[in-house]
Amino acid sequence: MRVNDAVLGVLLLGFAGWVWWLTSFFPAFPGQDYGPSLFPRILAAGIAGCGLLLALRGLRARQRLLPLDEWVRAPARLVSVLLMPGAVLAYIFVVDTLGFIPTAFAILLVLFLWFRARPVVALPVAAGVTLTIHWFFAGMMRVPLPRGLLDSVL
């Protein structure tokens, strides 16, 4: 599946506009002509220029905006593609309540099983990866990970 450049160009233009808008809330430094918003706005202008060129190139090509390949019509393959952003969204919405360890373990286990890993392999690998990531970030890097249900244990 090859998406038309016009679609990607419009997305880049939207992203650049969003960055520009966000930098309008940055504080200004008294007595200076520029502040912390200068560098992000320079990047946003460059991204907008690239987005505009892509959009114009895509419109000149006169292709379909979103051609669908055969694999998109297969429900199992579409679910496989959507599982990754779904896992990220599930993590965002559930991690504060459940905590990092149960959330990460459940997400990894579901992904392993969906992609046809044997349960006898998926369970210990999901547990090991979860505990290793928790040890690295919470123990070594001192990043506070949500404890959730395990607050009284950890």
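The values are calculated or read from the model by the stated rules, or taken from the named source; none is laboratory data. Owing to the predicted nature of the structure, the values given are computational and were not obtained by experimental measurement. Here the Cβ is made from the backbone with ideal geometry for all residues, glycine too, and neighbour counts use every protein chain on show.
Here are a few things to note about the model shown:
- Listed by first and then second residue, the pairs linking a residue in the range 132-154 that is closer than 15 Å to Val94 by Cβ to a residue that is assigned to a helix (DSSP H, G or I) and among the hydroxyl-bearing types (Ser, Thr, Tyr), with Cβ atoms under 6 Å apart and 6 or more places separating them unless they lie on different chains, are Gly148/Thr97.
- Tally of residues being loosely packed, with under 13 Cβ neighbours inside 10 Å and within 23 Å of the chain's Cα centre (by Cα) across the range 106-134: 2
- Condition met for Arg73 (surrounded by fewer than 12 Cβ atoms within 10 Å (Cβ to Cβ), under 25 Å from Leu13 (Cβ atoms), of a type in the set (D, E, K, R) and over 23 Å from the mean Cα position of the chain (by Cα)): no
- Checklist (1) aliphatic (A, V, I, L, M); (2) in contact with an Asp or Glu (Cβ under 9 Å, 6 or more places away or on another chain); (3) assigned to a loop (DSSP other than H, G, I, E, B) applied to Leu59, failing item: (3)
- The number of residues in the range 87-130 being within 22 Å of Arg147 (Cβ to Cβ), among the small types (Gly, Ala, Ser) and touching a Leu at 6+ places or on another chain (Cβ under 6 Å) comes to 2.
- Of the candidates Phe26, Phe39, the single residue that is modelled with pLDDT under 95 and surrounded by 12 or more Cβ atoms within 10 Å (Cβ to Cβ) is Phe26.
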